[in-house]
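The values are calculated or read from the model by the stated rules, or taken from the named source; none is laboratory data. Nothing here was measured: the structure is a model prediction, and the numbers come from that model. Cβ placement follows ideal geometry from the backbone for every residue including glycine, while neighbour counts extend to all protein chains displayed.
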Amino acid sequence: MTPGADRVLAGLRRAEDQSCSGQSLSDELGVSRNQVWKHVQRLRRRGYGIEGEPGGGYRLIGTPDRLYPEEIAANLETTWLARSVEHLDETESTNDLASERGREGAPAGHTVIAERQTAGRGRLGRSFYSPAYLNLYTSILLRPTLSTHDAPTLIHATAVGCANAIAETLSDRTAIEIKWPNDILLGSLKTCGILMEMSAEATRLDFAVLGIGVNLNVDREDFPDEFRHRATSLRTHSGTAVDRIRFAQTLFRELETSLERHAAGGFEALRGDYEDLFRMTGQEVRVRDLGGGERVGTVLGIASDGALLLESSPGRPERIVAGDVTLAKAEFPHE
Ligand code: BTN
């Protein structure tokens, strides 16, 4: 959006439900009233409801259900995260674009949001269903001072931030569960996935991209067959539509908090929060590793570096650093 239209919008917002005179906007911006009218037209084309009042005033009567940077910035409670937002109507994957920005030198916290992804992806080569205007698909660029060895725990910090944002939105955390390492479940069904991608030199991280997809308002019935049996959305779960802009603002605030705690104290600082939402301890699970190998064992908990502790033969706990975990008696063990 142009800076002029942005300032007209800010003026209309300040007036709340009162009318704002064209003259005062023109004085404030130092442009002609005709120019103000052109900015208003631009805002209307973007989906804003702006009523023209007799006498030349304007009143904001509706904002579009789009994750526009100016909407997110309006009530954003972060210091550095999502202070620069790039919004696209459609892209293949927001992670690709955020990685490109990382290579170009964009600052930490730069955020890409798309209304729809044509090739949204998850871990282990899976796709992430990304229909338009219903959910949140976002990728955040980070430049942490971390070794590649410690980097995976950023996923755990992200999972805590996502779970907290979902809990706040639903005003309830009883149904929320973290599925190690990177999914958030609601009533045992997936509602949020995290895909971290990194660029590193030797053992030091250059940048990381945190890709987050949250099913907010998509109807469970509308998921393609391959996802429907294991996915849900906040709206399907609670019966109430989610304000996507407010959710994005809550998520960015919670993520900034979690990432700052991680930066100050590593995974150890968040371990209690992660374990509170990790409900597989004591359960018998099946772990599929990245090479396709499989083992069954009892979950003992999460190690201080974020690894899953599994006892597959008595008295010999193993550390699992990557893989996919499902309850051993689950109906769909490989999903
Ligand atoms: C998973 O399910 O394994 C992770 C899913 C991550 C999806 C998000 S949506 C935004 C970002 N862009 C992608 O292509 N993937 C992530």
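Do we have any residue at all in segment 145-157 that's of a type in the set (Gly, Ala, Ser) and at pLDDT below 95? Taking every residue of segment 145-157 in turn, at least one turns out to be of a type in the set (Gly, Ala, Ser) and at pLDDT below 95. One residue stands out in segment 89-100 among those that are surrounded by fewer than 22 Cβ atoms within 10 Å (Cβ to Cβ) and either under 16 Å from PRO144 (Cβ atoms) or free of Cβ contacts under 8 Å to residues at least 12 places away in the same chain (or both): the one that is farthest from the ligand (Cβ to nearest atom), namely GLU100.
Residues in segment 161-173 include at least one that is within 12 Å of the ligand (Cβ to nearest atom) and either within 12 Å of VAL214 (Cβ to Cβ) or part of a strand (DSSP E or B) (or both). Set side by side, the residues SER139, SER127 differ, and just one is within 14 Å of the ligand (Cβ to nearest atom), within 30 Å of ALA202 (Cα to Cα) and within 15 Å of the chain's Cα centre (by Cα), which is SER139. Answer yes or no as to whether VAL242 is closer than 17 Å to SER130 by Cα and modelled with pLDDT of 95 or more. The answer is yes for VAL242. Close contacts from segment 68-88, counting a first residue that is over 21 Å from GLY11 (Cα atoms) and a second that is part of a loop (DSSP other than H, G, I, E, B) and at pLDDT below 95, with Cβ to Cβ under 7 Å and a gap of 6+ residues or different chains, come to none at all.
Within segment 113-126, the set of residues being surrounded by fewer than 20 Cβ atoms within 10 Å (Cβ to Cβ) and farther than 18 Å from SER99 by Cβ comprises ARG116, LEU124, ARG126. Which ones in segment 49-70 are buried (at least 17 other Cβ atoms within 10 Å of the Cβ), modelled with pLDDT under 95 and not in a strand (DSSP E or B)? Residues satisfying the conditions are THR63, GLU70. Before we move on, is LEU76 modelled with pLDDT of 95 or more and either of a type in the set (A, V, I, L, M, F, W, C) or part of a helix (DSSP H, G or I) (or both)? So LEU76 fits the description; yes. Scanning segment 60-90 for residues that are polar (S, T, N, Q) and within 23 Å of THR158 (Cα to Cα) turns up ASN75, THR78, THR79, SER84. Starting from segment 257-273, keep only residues that are surrounded by 15 or more Cβ atoms within 10 Å (Cβ to Cβ), then list their pairs with residues that are among the charged types (D, E, K, R) and assigned to a helix (DSSP H, G or I) whose Cβ atoms are within a distance under 7 Å, requiring at least 6 positions of separation or different chains. Between residues of segment 257-273 that are surrounded by 15 or more Cβ atoms within 10 Å (Cβ to Cβ) and residues that are among the charged types (D, E, K, R) and assigned to a helix (DSSP H, G or I), the close pairs are ALA269/ARG261; LEU270/ARG261.
I'd like to verify a number: residues in segment 185-212 that are part of a strand (DSSP E or B), closer than 16 Å to THR232 by Cα, free of Cβ contacts under 8 Å to residues at least 40 places away in the same chain and more than 9 Å from the ligand (Cβ to nearest atom), how many?
1
Residue under question is ASP6, and the condition is that it be loosely packed, with under 13 Cβ neighbours inside 10 Å and part of a helix (DSSP H, G or I); does it hold? Taking the combined requirement at face value, the residue does not satisfy it.
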